[in-house]
Each structure stands twice: as structure tokens, then as C-alpha cells.
Amino acid sequence: MATANLLLHPVRMRILQTLVGAGELTTAQLRERLPDVSPATMYRHVATLTQAGILEVVHERRVRGTVERSYRVRQDEALVDEDARTAMSKEDHRQAFTVFTGAMMADFDRYLAREDTEPAREGVLYRQGAVWATPEEFAELVEELEAVVARRTGHGAGDGRVRHIISLALVPDKTGGAQGTDGPEGEAE
């Protein structure tokens, strides 16, 4: 499993987001989709992700005297595991979340910048919900959410499918009301 520093670097995160659900792409195709990332920066971060085992080389072919490689994300390695999250300080979590939300905002901005977007018709959704759960119920909820997304990641382009980016943040609400003080309708007594 990867560390937060490895995955949550702004450029590496964008590379991973571009590759997730896209199947396999060459570095040239990644550069077409991320034109603001310089070629040297792109190659350096792709190499870093490949060396860490997060990206894998799917195909190699000779093109004008060089080797062109196609990459894909190894979904099982592109996660910050529980041990790594436990080892992170509060400041590490703050920095990681800042990068995560910044990338999410950049994705949304790129989407809205296109002339052909229709957020309501295309099912754009952003919302928060609150659930009360025991630690066991919460762990079960996290497993269910991860399983739902994992079942859909195997689908590729075609058959009318449109790629959707799903971002999820789960945060305890320590100020949301003391345990046991809410009345039957969820309002404080």
C-alpha cells in the first residue's frame, strides 16, 4: 500500500485520477489530458508511481526509436491503508485533505469550464449526510461504500458509458451533539 505523501501529491493525484477508469494510457495521452503539466514533470511522476507499484506497464512498443509504454492504475495499491493513516500526524491529515479537496475542486472546475456541460441533466451531485453509527456499524458502512465503487470500476468505456468521478470524505462530527442527548426526532431536548 502507498503512503499519503506518495498518492496525495497534486500532480500524481491528477495522473491517477486521469487513469482511473480510463483503462490504459500512454504518457503522451496523459499529457494531452493534462496539458498544463510539463513533459519532464509528467515523466518524473509517472516513473515515481510506477516504481512504487501504483502504476503498471501494460504494453510497450517501439515508436521512432523510443519505447512507448501504456500504463494503468493498480487499484489495490492506489490506497493509503489503515496503518499509514494511523501513522500520520494531524498536520499530515490536514495537508492530505487539502490536496484531496483541491484536486476535487479542480476536477469540478474543469468540468464546468467545458461549453457542453449540463450539470442538472448529467446528474452532478454534491451533498452531505449525517449518520449515527457505532464503530462496528461505521466500519460496515465504509466496507459497503468501497464495495459499491469497486463493483463499478471494472466497467470500461463504450456501451454509452460516461466516466464519473466519485469523491468521498468521511469525517466524524465531534460537535454534532452529545451522545444520547438527542430526542426521538433528532433534536436536542
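The values are calculated or read from the model by the stated rules, or taken from the named source; none is laboratory data. All values reported here derive from a predicted model rather than from experimental measurement. Don't worry about glycine lacking a Cβ; one is built from the backbone with ideal geometry, like all the others, and counts go over all protein chains shown. These accessible areas exclude ligands, DNA and RNA; they are computed on the full protein's heavy atoms, side chains included. Shrake-Rupley method; radii C 1.70, N 1.55, O 1.52, S 1.80 Å.
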Study note, to complete from the structure: Pairs returned, first residue in the stretch 59-86 that is assigned to a helix (DSSP H, G or I), second residue that is open to solvent by less than 100 Å² (accessible area, probe 1.4 Å), beta-carbon separation under 6 angstrom, 6 or more apart or interchain, are Ala84/Thr3
Exercise for review: Give the stretch 114-138 a look and list any residue that's under 20 Å from Ser167 (Cα atoms) and among the aliphatic types (A, V, I, L, M), or say none.
Suggested key: Ala120, Val124, Leu125, Ala130, Val131
Practice item. Pick out the one residue from Ala133, Ala157, Ala169 that is small (Gly, Ala, Ser) and at pLDDT 90 or above. Key: Ala133
Check your understanding: What residue, of Leu170, Leu125, is in a loop (DSSP other than H, G, I, E, B) and open to solvent by 100 Å² or more (accessible area, probe 1.4 Å)?
Key -> Leu125
Review point. Take the residues of the stretch 83-100 that are of a type in the set (A, V, I, L, M) and at pLDDT 85 or above: which is most open to solvent (accessible area, probe 1.4 Å)?
Key: Ala87
Review point. Would a scan of the stretch 149-156 turn up a residue that is surrounded by 10 or more Cβ atoms within 10 Å (Cβ to Cβ), of a type in the set (S, T, N, Q) and free of Cβ contacts under 8 Å to residues at least 40 places away in the same chain?
Key: no
Revision key, fill the gap. Of (1) over 22 Å from Arg161 (Cβ atoms); (2) in contact (Cβ under 8 Å) with a residue 24 or more places away in the chain; (3) of a type outside the set (S, T, N, Q); (4) surrounded by 15 or more Cβ atoms within 10 Å (Cβ to Cβ), Arg31 fails just (2)
Review point. Here are Ala120, Ala130, Ala103: which of them is surrounded by 10 or more Cβ atoms within 10 Å (Cβ to Cβ) and either touching a residue at least 60 places away in the same chain (Cβ under 8 Å) or more than 20 Å from the chain's Cα centre (by Cα) (or both)?
Key: Ala103
